[in-house]
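Throughout, read-outs are computed from the coordinates displayed, never taken from laboratory work. In this text the structure is predicted, and so the values were computed from the model without any measurement. Quick reminder, even Gly has a Cβ in these numbers, built from the backbone with ideal geometry, and neighbours come from all protein chains shown.
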Amino acid sequence: MPRWTFELAPDTLTREEKALLAQQITKLYTTYGIPAFWVNVFFHENGEGNFYSGGQYPPNAIFFHLDHAASKIDSEELRREFISKVNEIVRPILDPKGIKWEYNIYEHPRDNWRINGIIPPMEYPEVLKEWVEKNAPIPYKDTVRDYKLRTDFEVHYTDITQETEGERTVHIRARKRGRPQKAIGASLEKDKKEKRRAQIRLAQRAYRSRKDADTESLNQRVAQLETAAQTMSEAVITLSDILLESGVLTSHPKLAEHLGETVHICLALTKDTSDEHNQETPRESQLPSPADVSLALSECEKLDRIPRLDPSPFHLSYYPSSLFMFKPGDVAVMEVPQFIEQLRIACLYEGSLMLNNPSIPPEALRRPFRLLLSLFTRETITSIFNNALQARLHRKLPTNFKQVPFVHPSAAGDSNPQTPGPGQAPDRRPIDFHPQSGGHGLLSDFSAQTQKELDGDWLDVQDLERHLLERDVRLCVIPPKDSVKSSSKLVVNVKALIVALVNKGMCLGHSPGFRRSDVEEALNSSTWRNA
């Protein structure tokens, strides 16, 4: 000793690298006055499947331990100095290869250490110097250790020694007189158990303290990272809104595409990854505003069987920053008026995406916009939708909506708002989108083909709200904790229902419209039982 033992996988180190390590390790100890032949370096190359690091094989790692018996490191300063020298030897060889390395230092008592059966002369400097010079073990007479006698329990024995001229004689120890051995043994055993329990308690307390400190440090670091990511995302989205309002992106489509991709990346990085910590339904006073709830469209749990409303990278630059404030874990159950408001925003947003995308041909716009296309140009409808979306998100009245009629197919029955009956919620829309001039557009003003396509039982958003209240539908943002099968209510996935309705909806001017049959189909396909 000293002895270094490396545990590694085959071919991790070359022969030259092993030789270099052995030479530098030996040189380290000779500077401390240790004979070179005391230093031993082993490289244990564990065969295939015999060495795992982090559960992985082959491991890109090396573990080694240092065994010392010649002397102990007496102070913390010397310990740090020695560890620093160990790192200087290993790091230049292992770090460039990307190897993870770990080691520990063990200090052993010298009593059982022998070289060629000889006790190493650590207490005899002159003999040690001769061993260093000749680099070999030289026999010598150990006149002290040959007669050194130790005992494990001083309470049991006492040494009886007799000094004579020129020599020392040691006699067999005599047992102390006193209590019987059995009583002493029982007392010692009890003391050992108490001491062991005290050691365990201290170790557990220290472990808990370290764990709490580490957890607090990690929580603070996570909070800092989340704040930094949120700040960066808000800055990017603000820049996107400014560029959009300035009209620069219209003449630079490539710039708009790259900006959209950047916004998409920022938003993806700021998604909440700890939904499990916020599964409880908050109090009504803590519920987010309707504009905040819109993020549920893009951040709810992903369902493979539900179609997505993901916008293209180009149109992500148009996506307003106020839509990204809602986190799915903040609300578990959505009220019907909030859902209706969210559905309005989703329809406006999806319509704006389609209208602003020049690659979408007019034929594809015919189904959702057949009524408005018979009255306005595509550019005018695009301006109306953009203005309406921004106005609704910012709780303002749109500036160019008076010219848009409200068309309600006659087959849907009376579209005038009804006084809610007992147990029904009143109309709590934050913004009234009905034309101030009053009156509805007449279906007879449109072509016969359009009237034929509109045949059937239709619902506007007010009709849909009353329909959901009458059916006592439970609108859940996240999977309900209670059993769906045991509930008498229709438990619906909010995101799935919005996606299904948007895909089937049609613009009626001041309100999206839905066939009653499409609404029933969307409700059935969006239940958590089916999803």
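Give the peptides 458-471, 359-372 in descending order of average Cβ contacts within 10 Å, highest first.
Details: 458-471: 19.8, 359-372: 14.6.
By packing density, highest mean first, the sequence is 458-471, 359-372.
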**Study point:** Listed peptides 14-20, 516-522 by packing density, highest first (mean Cβ within 10 Å)
**Key:** 516-522, 14-20
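Please give me the summed charge of the neighbours of H65: other residues whose Cβ is under 10 Å from its Cβ, Lys and Arg +1, Asp and Glu -1.
Working: positive: R3; negative: E7, D67, E102.
Residues close to H65 contribute a combined charge of -2.
If the limit is 20 Å between Cα atoms, which of K27/K85; K85/K211; K18/K97; K27/K129 go over it? Provide the component values of the computation, followed by the final result.
Working: K27/K85 11 Å; K85/K211 30 Å; K18/K97 14 Å; K27/K129 16 Å.
Listed pairs above 20 Å: K85/K211.
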Check your understanding: When the Kirkwood radius is taken over all Cα pairs of region 3-113, what Stokes-Einstein diffusion coefficient follows at 4 °C and 1.567 mPa s, in µm²/s?
Key -> 86 µm²/s
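Mind listing which chymotrypsin sites (Phe, Trp or Tyr not before Pro) in region 20-66 are in a DSSP loop and have 12 or fewer other Cβ atoms within 10 Å? Write out the running numbers ahead of the final one.
Working: sites: Y29, Y32, F37, W38, F42, F43, F51, Y52, F63, F64; in loops: Y32, F51, Y52.
Taking region 20-66 and a limit of 12 other Cβ atoms within 10 Å, the loop chymotrypsin sites (Phe, Trp or Tyr not before Pro) found are Y32.
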Point to revise | Selected from N356, L375, Q390, residue furthest toward positive end of dipole (region 351-400; charges at beta carbon) | key: Q390
Review point. Given +1 on the Cβ of Lys and Arg, -1 on the Cβ of Asp and Glu, and no further charges, what dipole in debye does region 1-49 carry about its Cα centre, rounded to the nearest 20?
Key: 340 debye
Study note, to complete from the structure: Once the dipole of region 3-113 is set up from charges on Cβ (+1 Lys and Arg, -1 Asp and Glu), the residue from the list N60, I73, P109 lying farthest towards its positive end is I73
